[in-house]
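Here's the structure, in structure tokens; my notes come after.
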Amino acid sequence: AQSVTQLDSQVPVFEEAPVELRCNYSSSVSVYLFWYVQYPNQGLQLLLKYLSGSTLVKGINGFEAEFNKSQTSFHLRKPSVHISDTAEYFCAVGSFGNEKLTFGTGTRLTIIP
Amino acid sequence: SQTIHQWPATLVQPVGSPLSLECTVEGTSNPNLYWYRQAAGRGLQLLFYSIGIDQISSEVPQNLSASRPQDRQFILSSKKLLLSDSGFYLCAWSATHLSSYNEQFFGPGTRLTVL
């Protein structure tokens, strides 16, 4: 069985400040990891994904995430946020042969002008 | 390129009325298909997924059902809506070949309000 924990349900950040959204996972097998973003009243859009190889993954809109196997984490970071980054962010985990992804409960990122 | 459509975009229905939400995918064949629900202020709940026509798995017992009449069409239905069925319904697809790593692609969603 797999599980994903996003400890922070809400994260307020000042504009142009850095941000880190935390994601921890649990799995007995090798995993694939994803970060999705959801803007209000829209579907989810893929930000970035880790499948294998380099543990530092770069995505769209200046976001990056680092896979840490020993800490079972996949935290999302951005060095300088903008108002347009206001959204809900979901971490998800998948594994080989499993048609489903397991999603975290989401983190609402609010940018303060 | 692949696209995924959902309709209607918004829907207001009385309690006890039937429901039919439609999802179609273009530009791919034999996709895995998924229905999720987001209740207000809550995360994603997987309702159904399908790995092929007539192969539908239910994740949560409820008064909803799903059907896949065509390869790229996925329908979510109910005979009698409950107030608790209100929410944002998302359809998603993933490719079935193993190299897809089951990355899911989401539709724009349907906002359902049951009064």
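Consider B:Ser78 carefully, then state whether it is in contact with a helix residue (DSSP H, G or I) (Cβ under 7 Å, 6 or more places away or on another chain), more than 13 Å from chain A (Cβ to nearest Cβ) and either crowded, with 19+ Cβ neighbours inside 10 Å or not aromatic (Phe, Trp, Tyr) (or both). So B:Ser78 fits the description; yes.
Restricting A:Ser3, A:Ser9, A:Ser28 to residues that are hydroxyl-bearing (Ser, Thr, Tyr) and within 10 Å of chain B (Cβ to nearest Cβ) narrows the list to A:Ser9. Restricting region B:41-61 to residues that are surrounded by 15 or more Cβ atoms within 10 Å (Cβ to Cβ) and more than 26 Å from B:Gly27 (Cα to Cα), the residue that is modelled with the highest pLDDT is B:Gln45.
Considering only residues of region B:30-40 that are more than 10 Å from the chain's Cα centre (by Cα) and surrounded by 16 or more Cβ atoms within 10 Å (Cβ to Cβ), which is farthest from B:Gln2 (Cα to Cα)? Checked region B:30-40; the qualifying residue farthest from B:Gln2 (Cα to Cα) is B:Gln38. Note on region B:96-115: residues that are in contact (Cβ under 8 Å) with a residue 60 or more places away in the chain and either at the interface with chain A (Cβ under 8 Å from one of its Cβ atoms) or surrounded by fewer than 19 Cβ atoms within 10 Å (Cβ to Cβ) (or both) amount to 11.
Of the strands (runs of 3 or more DSSP E) lying entirely inside region B:26-115, those containing at least 3 residues that are β-branched (Val, Ile, Thr) are B:110-114. For residues in region B:81-95 being more than 8 Å from chain A (Cβ to nearest Cβ) and surrounded by 15 or more Cβ atoms within 10 Å (Cβ to Cβ), which is nearest to A:Phe96 (Cα to Cα)? It comes out as B:Ala95.
For region A:99-113, which positions are closer than 26 Å to B:Gln38 by Cα and either within 10 Å of the chain's Cα centre (by Cα) or touching a residue at least 12 places away in the same chain (Cβ under 8 Å) (or both)? A:Leu101, A:Thr102, A:Phe103, A:Gly104, A:Thr105, A:Gly106, A:Thr107, A:Arg108, A:Leu109, A:Thr110, A:Ile111, A:Ile112 - these are the residues of region A:99-113 that are closer than 26 Å to B:Gln38 by Cα and either within 10 Å of the chain's Cα centre (by Cα) or touching a residue at least 12 places away in the same chain (Cβ under 8 Å) (or both). Name the single residue that is nearest to the other protein chains (Cβ to nearest Cβ) among those in region A:51-66 being among the small types (Gly, Ala, Ser) and outside any loop (DSSP other than H, G, I, E, B). My answer is A:Ala65. Within region B:7-18, is even one residue within 10 Å of chain A (Cβ to nearest Cβ), part of a strand (DSSP E or B), touching a residue at least 24 places away in the same chain (Cβ under 8 Å) and closer than 16 Å to A:Leu101 by Cα? Within region B:7-18, none of the residues are within 10 Å of chain A (Cβ to nearest Cβ), part of a strand (DSSP E or B), touching a residue at least 24 places away in the same chain (Cβ under 8 Å) and closer than 16 Å to A:Leu101 by Cα. For region A:37-50, taking the residues that are assigned to a strand (DSSP E or B) and more than 8 Å from chain B (Cβ to nearest Cβ), the one that is nearest to B:Asn102 (Cα to Cα) is identified as A:Tyr50. Collect the residues in region A:86-113 that are surrounded by fewer than 16 Cβ atoms within 10 Å (Cβ to Cβ) and among the aromatic types (Phe, Trp, Tyr), keeping them in residue-number order. Within region A:86-113, just A:Phe96 meets the criteria.
For region A:32-58, the tally of residues that are within 14 Å of the chain's Cα centre (by Cα) and buried (at least 18 other Cβ atoms within 10 Å of the Cβ) stands at 13.
Quick one: in region A:81-91, which of the residues that are more than 8 Å from chain B (Cβ to nearest Cβ) and closer than 15 Å to A:Trp35 by Cβ is farthest from the chain's Cα centre (by Cα)? So the residue we want is A:Val81.
The values are calculated or read from the model by the stated rules, or taken from the named source; none is laboratory data. All figures in this text were calculated on a predicted structure; none of them were measured in a lab. So basically every Cβ, Gly included, is an ideal-geometry build from the backbone, and we count neighbours across all protein chains shown.
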